Amino acid sequence: MNTAAQSAGVLSFEDAYEVVREYCRRILKAADRQTEEILLLQGLGRVLAEPVVADRDFPPFPRATRDGFAVRAEDLASGLTLLRVVGQVRAGDTYDLPVASGEAVEIMTGAAVPVGADAVVMVEYTERKSKEINHKGHEGPQREESEDRGTIAADDQILDISIHEKPRPDENRTEEFVEIQRTVIAGENVVSAGAEARAGQELLPRGVRLGSAQIALAAAAGKASVNVYRKPRVAILSTGDELVEVAEKPGPSQIRNSNSYSLAAMVAECGGEPVQLPIAPDEEGKLTELIQEGLKADTLLLSGGVSMGKFDLVEQALKSLGAQFFFTGAMIQPGKPVVFGEVGTSPFFGLPGNPVSVMVTFELFAQQMIEALSGAEPSRLKSVKAKLKKDFKTKTGLTRFLPAMLDGGLYDPEVEVVQWQGSGDMLAAARANCYLVVPPDREKLAKGEMVTVVIR
Ligand code: AMP
Ligand code: MG
């Protein structure tokens, strides 16, 4: 990759970020990914390998969005306020006859608006009235007591509609009416058929990661199973003579290999399949062997051994395997020694071993690559502005991503850096829900200032 090769070295945060994004775009173009068919719910977090297409109109019928009465808006516009209730339609039912002028059909949310009607009046703006009609004496409206004590005045307008069953002249019967107290315009409280999507239209494109909303849409389109990309295999290799596996009892100067776990968890969270390799010692031969093993996966994440120490041998081992480096550091804290490159066509990240540095550099850089390898458009950093709770002082020169706590509610988020003992402080990372971003040219941030926060 030319631009990346040109920009090798220690880059600003923005440049390093862009180098990774450019690499991701290249990964996404190289579209030769294996796929598998899985049950829809197992698809949560997976990436679609084929589009989900509408098998019918969305919604499939004009859908009432309120309980009330389906009416013809023009009736109300012409001054009619009393409509004859000719039927009822519940969700799942159909009302087959066309609604004629002067008529209304009682309707429930989610039901299909009958033909002829074009709007729904909310039940709150209606009053039901019933009327005894004695066809011996008269026809048509006259003032009478209604069921609910409302009356129908002779001068209320009622259109006499004849397409529905007519009462027999010798029969007393009750007719149902509804008084409409608010007019509606055509289309009100109705979503017309196909308004959201037409049959055959693409609902979700290939490359979309399935979250709960996407799963719902696929379910609505009848996809009991989905075709997704195989998860990329992400090898994780922790380096360091001081490390022991988690189940082992550490000696007095040893520490447990927690980075393999934070990395594996983060890889799984963003759609990769973590492959934890054994701990690599700070010895070039064995380290190189394990790196070669890791390069067989779709990508390799190394932890530790990329600083300037005498036993930081990762870059050297990678070089001996012919690695090309896209950058060998970024002007950030934590995580400055981060390296990114490839051996042949296998990309790798060398992440600094401090537990917070590992997390920050993963979230800033490696995560995007894993998303791209899984066939998805890599996500961007999610940042918000929040009010700083306390004055904050630091040194200039690096873009800082400091473990912080964002809270304070919906409209006035506030942020505070969590107490920490530096990049090795895992407790701080576990307490934080975001990173406070300090630009490289800022020495002081003042209480009350609006600052940038990256959400984890
Ligand atoms: P390094 O980047 O190798 O210089 O390591 C920096 C710091 O991170 C040292 O204090 C290491 O002991 C610690 N560290 C390195 N690797 C791990 C790991 N896998 N798990 C936990 N801590 C680690
Ligand atoms: Mg080390």
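The values are calculated or read from the model by the stated rules, or taken from the named source; none is laboratory data. Everything numeric here is computed off the predicted structure, so don't read it as measured data. Because the Cβ atoms are built from the backbone with ideal geometry, glycine has one as well, and the counts that use them run over all protein chains shown. The protein model used for the area step is the full one, side chains on, heavy atoms only, and it has no ligands, DNA or RNA in it. Shrake-Rupley method; radii C 1.70, N 1.55, O 1.52, S 1.80 Å.
I'd like to verify a number: residues in the range 367-391 that are out of contact with any helix residue (DSSP H, G or I) (no Cβ under 8 Å at 6 or more places or on another chain) and surrounded by 22 or more Cβ atoms within 10 Å (Cβ to Cβ), how many? Outline the logic, then answer.
Of the range 367-391, the ones out of contact with any helix residue (DSSP H, G or I) (no Cβ under 8 Å at 6 or more places or on another chain) are 374, 376, 380, 382-391.
When the remaining residues are screened for being surrounded by 22 or more Cβ atoms within 10 Å (Cβ to Cβ), the result is 374, 376, 386.
The total comes to 3.
What number of residues in the range 15-41 are open to solvent by 40 Å² or more (accessible area, probe 1.4 Å) and more than 18 Å from Glu371 (Cα to Cα)? Give the derivation first.
Our first condition is that a residue be open to solvent by 40 Å² or more (accessible area, probe 1.4 Å); within the range 15-41, this holds for 15, 18, 22, 25-26, 28-37, 39, 41.
Next cut, more than 18 Å from Glu371 (Cα to Cα) only: 15, 37, 39, 41.
The total comes to 4.
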### Message
For a quick check of your reading of the model, give me the residue pairs whose first member lies in the range 348-364 and is within 12 Å of Met426 (Cβ to Cβ) and more than 9 Å from ligand 1 (Cβ to nearest atom), whose second is open to solvent by less than 10 Å² (accessible area, probe 1.4 Å) and part of a helix (DSSP H, G or I), with beta-carbon atoms closer than 7 Å and at least 6 apart or on different chains.
### Response
Val356/Ala428; Val356/Ala429; Met359/Ala429
### Task
Output the number of residues of the range 230-258 satisfying the condition of being open to solvent by 40 Å² or more (accessible area, probe 1.4 Å), in contact (Cβ under 8 Å) with a residue 12 or more places away in the chain and more than 12 Å from ligand 2 (Cβ to nearest atom).
7
### Task
With the condition kept exactly as written, say whether any residue in the range 370-382 is out of contact with any strand residue (DSSP E or B) (no Cβ under 7 Å at 6 or more places or on another chain) and at pLDDT 95 or above.
yes
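Being more than 30 Å from Gly200 (Cα to Cα), of a type in the set (Val, Ile, Thr) and assigned to a strand (DSSP E or B) is the filter here; which residues of the range 217-275 pass it?
Step one: filter the range 217-275 for residues more than 30 Å from Gly200 (Cα to Cα), giving 232-270, 272-275.
Subset that is of a type in the set (Val, Ile, Thr): 234, 236, 239, 244, 246, 255, 267, 275.
Listed by number, the residues that qualify are Val234, Ile236, Thr239, Val244, Ile255, Val275.
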### Message
Cβ-Cβ distance below 9 Å, separation of 6 or more or different chains: which pairs start in the range 311-340 with a residue that is free of Cβ contacts under 8 Å to residues at least 60 places away in the same chain and end on one that is of a type in the set (D, E, K, R) and open to solvent by less than 20 Å² (accessible area, probe 1.4 Å)?
### Response
Ala323/Glu342
## Note on the structure
So, first residue under 17 Å from Lys447 (Cβ atoms) in the range 399-422, second residue surrounded by 11 or more Cβ atoms within 10 Å (Cβ to Cβ) and of a type in the set (Ser, Thr, Tyr), Cβ within less than 8 Å, six or more apart or across chains; the pairs are Leu402/Tyr435; Ala404/Tyr435
#### Entry: Condition met for Val47 (within 22 Å of the chain's Cα centre (by Cα) and buried (at least 20 other Cβ atoms within 10 Å of the Cβ))
yes
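Could you list, in sequence order, the residues of the range 297-312 that are more than 37 Å from the chain's Cα centre (by Cα), closer than 19 Å to Thr361 by Cβ and near ligand 2 (Cβ under 10 Å from one of its atoms)? Can you show your working first?
Here is the first cut: in the range 297-312, the residues more than 37 Å from the chain's Cα centre (by Cα) are 308-312.
Then keep just the ones that are closer than 19 Å to Thr361 by Cβ; that gives 308-309, 312.
Once the filter is applied, which keeps residues that are more than 37 Å from the chain's Cα centre (by Cα), closer than 19 Å to Thr361 by Cβ and near ligand 2 (Cβ under 10 Å from one of its atoms), the range 297-312 yields Gly309, Asp312.
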### Members of the range 384-408 that are at pLDDT below 95 and of a type in the set (Ser, Thr, Tyr)
Thr394, Thr396
#### Entry: Residues (closer than 30 Å to Lys129 by Cβ and in a strand (DSSP E or B)) located in the range 174-216
Thr174, Glu175, Glu176, Phe177, Val178, Glu179, Ile180, Val190, Val191
#### Entry: Those residues of the range 297-319 which are under 25 Å from Gln34 (Cα atoms), in contact with a helix residue (DSSP H, G or I) (Cβ under 6 Å, 6 or more places away or on another chain) and open to solvent by 10 Å² or more (accessible area, probe 1.4 Å), in sequence order
Asp298
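Any idea which of Gly294, Gly322, Gly341, Gly335 is more than 15 Å from ligand 1 (Cβ to nearest atom) and either open to solvent by less than 10 Å² (accessible area, probe 1.4 Å) or under 30 Å from the mean Cα position of the chain (by Cα) (or both)?
Details: Gly294 fails: more than 15 Å from ligand 1 (Cβ to nearest atom); Gly322 fails: either open to solvent by less than 10 Å² (accessible area, probe 1.4 Å) or under 30 Å from the mean Cα position of the chain (by Cα) (or both); Gly335 fails: more than 15 Å from ligand 1 (Cβ to nearest atom).
Among Gly294, Gly322, Gly341, Gly335, only Gly341 is more than 15 Å from ligand 1 (Cβ to nearest atom) and either open to solvent by less than 10 Å² (accessible area, probe 1.4 Å) or under 30 Å from the mean Cα position of the chain (by Cα) (or both).
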### Query
On the given criteria, is Ala317 at pLDDT 95 or above, more than 15 Å from ligand 2 (Cβ to nearest atom) and among the hydrophobic types (A, V, I, L, M, F, W, C)?
no
### Message
All but one of (1) modelled with pLDDT of 95 or more; (2) assigned to a helix (DSSP H, G or I) hold for Glu50; state the number of the condition that does not hold.
### Response
(2)
